[in-house]
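Here the structure is laid out as structure tokens; the discussion comes afterwards.
The values are calculated or read from the model by the stated rules, or taken from the named source; none is laboratory data. None of the values given here were measured: they were computed from a predicted structure. Heads up, the Cβs are rebuilt from the backbone with ideal geometry, glycines too, and the neighbour counts pull from every protein chain shown.
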Amino acid sequence: MAALRVPTKLTSEALDPLLADVAHSTEPLQVPGRVSTTDPLALPLAVQSVLTWSRFNNGGIIRSAFDFADEQHSARSLQRNVVLLTAVLMASEVRTPAGHDITGQARRVAREALAESTTIPLRASGQSVGADRSVLAADHVAGLEYPAGLYRRVENRATREVSHEIDGHARALYARTHVDAARRTDWPLGWRVLDMGMVSRTSRSDALALFRSEAYELGQVLFELVQNTHDHARTDNAGYVLRRSVRGVHVRAHTQTRNEIVDGASAHRDLAEYFTHLPVSPHATNRGGEDRLRALSVSVIDSGPGLAARILWEQGFRHNFTKSDELRAMLNALRRSDTASQPGLRGMGLTRGQRYLTEVGGYAMVRAGRYRLSRDFRRFPFEEANDDQNRWYGGLREPSLHTRVAGTAFTVVVPTYGASS
């Protein structure tokens with residue numbers, strides 16, 4: 001069988017067969033030096049393809065024509081290619097298409113890319129489609145497991161020792177109620193992420209108050225999600241540290257006409273319908289008479305056992321669970337409270353996330369194990385007292401089965417400019 005290939009143009013239709021292949025092949029994985037996509041959900045699915053390939057091949061070999069020679073320039077380029085960056089971090093070897101071993105050079109570039117990209121940038125200007133950034137922790141690479149963009153760093157004044165924490169005190173990294181809008185250098189993650197979807201922000205106090213509120217809530221959601229990946233995605237179900245693991249946040253800003261963004265989402269019927277009916281913000285521009293939409297797709301991705309697998313293990317299942325057991329476990333994770341006192345997952349922050357998405361009129365996808373669940377929160381708002389979990393079936397009577405993936409990806413699509421009304 002020929003080497004497996006990650007497509008240059010990422011679409012969900014192309015990634016589904018790739019996932020089916022990586023689950024049954026030990027061949028090298030060829031990863032392009034540049035990928036493009038108009039599918040808001042394709043990047044997290046592509047990363048999960050890489051994670052799944054690595055898990056089934058104990059690391060394995062990747063091949064790439066990416067030029068790792070100029071390390072400084074290559075690091076900046078690699079920051080924009082989360083698929084290749086993840087592949088380099090998870091592979092046991094990196095080779096050129098001709099078979100030359102460049103593992104050491106590739107890893108130096110990856111380290112440089114992660115070291116220089118410790119947090120979401122102050123602003124990323126979108127072009128025809130948009131811009132993307134990521135903050136990743138590589139748990140098996142010393143010094144990269146606690147990036148500043150995800151962790152609070154605390155120094156003991158007496159010993160000068162630095163500890164890295166992801167606890168309640170770290171919320172300031174993600175969400176603060178009071179932020180000086182002029183001092184952009186210390187904006188928390190929620191503000192920086194939301195600002196990626198903005199071309200200009202009016203100085204009107206009501207607009208700034210809306211931005212402040214939404215950025216704070218988004219930061220809270222990201223904090224809950226990342227805290228759970230830290231607590232539960234670095235080890236296997238039995239508690240042993242994974243040999244290779246990555247986790248982090250990926251953000252993509254989309255700036256497209258309605259027809260373009262609907263076409264890019266065509267592989268996901270409910271997402272295409274979401275964009276079809278998304279109201280136009282009063283601040284939106286148009287091109288050639290077409291509505292021009294702006295949105296963010298924000299993913300928290302990890303290479304852990306998977307959302308359902310962790311819960312099934314807690315319930316006593318090992319490898320003898322059915323597809324119905326797996327679906328029930330995923331839905332139970334969506335029901336769990338963020339403040340639950342029982343050990344184990346706290347819902348991955350999904351309860352808070354569902355409240356936030358209902359408020360802003362967003363969309364979400366969660367991919368783990370054999371299921372890909374999705375929900376349009378404009379059509380199906382979250383009802384905390386008695387939520388109907390069938391609303392996570394993406395408009396289908398029952399969710400469809402997919403190839404099993406490693407890890408978990410929770411992706412939200414958020415309209416910017418406060419376009420939730």
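Of all residue pairs spaced 6 or more apart or on separate chains, those with beta-carbon atoms under 6 Å, a first member in the stretch 308-327 that is in a loop (DSSP other than H, G, I, E, B) and a second member that is crowded, with 23+ Cβ neighbours inside 10 Å are Phe321/Leu312. Can you find even one residue in the stretch 61-70 that is outside the structural domain of His402 (by TED's automatic domain parsing), closer than 17 Å to Ala137 by Cα and either outside any loop (DSSP other than H, G, I, E, B) or modelled with pLDDT of 90 or more (or both)? Among the residues of the stretch 61-70, not one is outside the structural domain of His402 (by TED's automatic domain parsing), closer than 17 Å to Ala137 by Cα and either outside any loop (DSSP other than H, G, I, E, B) or modelled with pLDDT of 90 or more (or both), which makes the answer no. When the stretch 84-104 is filtered for residues that are buried (at least 22 other Cβ atoms within 10 Å of the Cβ) and among the aliphatic types (A, V, I, L, M), the ones remaining, listed by number, are Leu84, Leu85, Ala87, Val88, Leu89, Met90, Ala91, Val94. On the basis of being more than 22 Å from Leu242 (Cα to Cα), surrounded by fewer than 18 Cβ atoms within 10 Å (Cβ to Cβ) and modelled with pLDDT under 90, does Arg192 make the cut? So Arg192 fails the test.
Taking the residues in the stretch 260-274 that are outside any loop (DSSP other than H, G, I, E, B) and touching a Pro at 6+ places or on another chain (Cβ under 9 Å) as candidates, determine which candidate is surrounded by the fewest Cβ atoms within 10 Å (Cβ to Cβ). The extreme case among them is Gly264. Checking the stated criteria, Glu155 turns out not to satisfy the condition of being more than 19 Å from Val412 (Cα to Cα), of a type in the set (Asp, Glu), surrounded by fewer than 20 Cβ atoms within 10 Å (Cβ to Cβ) and under 25 Å from the mean Cα position of the chain (by Cα).
Of the residues making up the stretch 356-366, none is over 15 Å from Arg310 (Cα atoms), among the charged types (D, E, K, R), modelled with pLDDT of 90 or more and part of a strand (DSSP E or B). Consider Arg107 carefully, then state whether it is of a type in the set (Lys, Arg) and more than 19 Å from Pro7 (Cα to Cα). Yes. Scanning the stretch 280-301 for residues that are outside any loop (DSSP other than H, G, I, E, B) and either at pLDDT 60 or above or of a type in the set (Phe, Trp, Tyr) (or both) returns Glu290, Asp291, Arg292, Leu293, Arg294, Ala295, Leu296, Ser297, Val298, Ser299, Val300, Ile301. For the criterion of being part of a helix (DSSP H, G or I), under 23 Å from the mean Cα position of the chain (by Cα), under 30 Å from Arg294 (Cβ atoms) and polar (S, T, N, Q), Ser54 fails.
Scanning the stretch 6-44 for residues that are within 27 Å of Ala253 (Cα to Cα) and part of a helix (DSSP H, G or I) yields a count of 11. Restricting attention to the stretch 225-257 and to residues that are of a type in the set (Lys, Arg) and either assigned to a strand (DSSP E or B) or at pLDDT below 90 (or both), the residue that is surrounded by the most Cβ atoms within 10 Å (Cβ to Cβ) turns out to be Arg252. Remark: pairs (first residue in the stretch 161-173, without any contact (Cβ under 8 Å) to a residue 60 or more places away in the chain and over 16 Å from Asp186 (Cα atoms); second residue of a type outside the set (Lys, Arg) and part of a loop (DSSP other than H, G, I, E, B); Cβ separation under 6 Å; 6+ apart in sequence or on different chains) = His164/Tyr146; His164/Tyr151.
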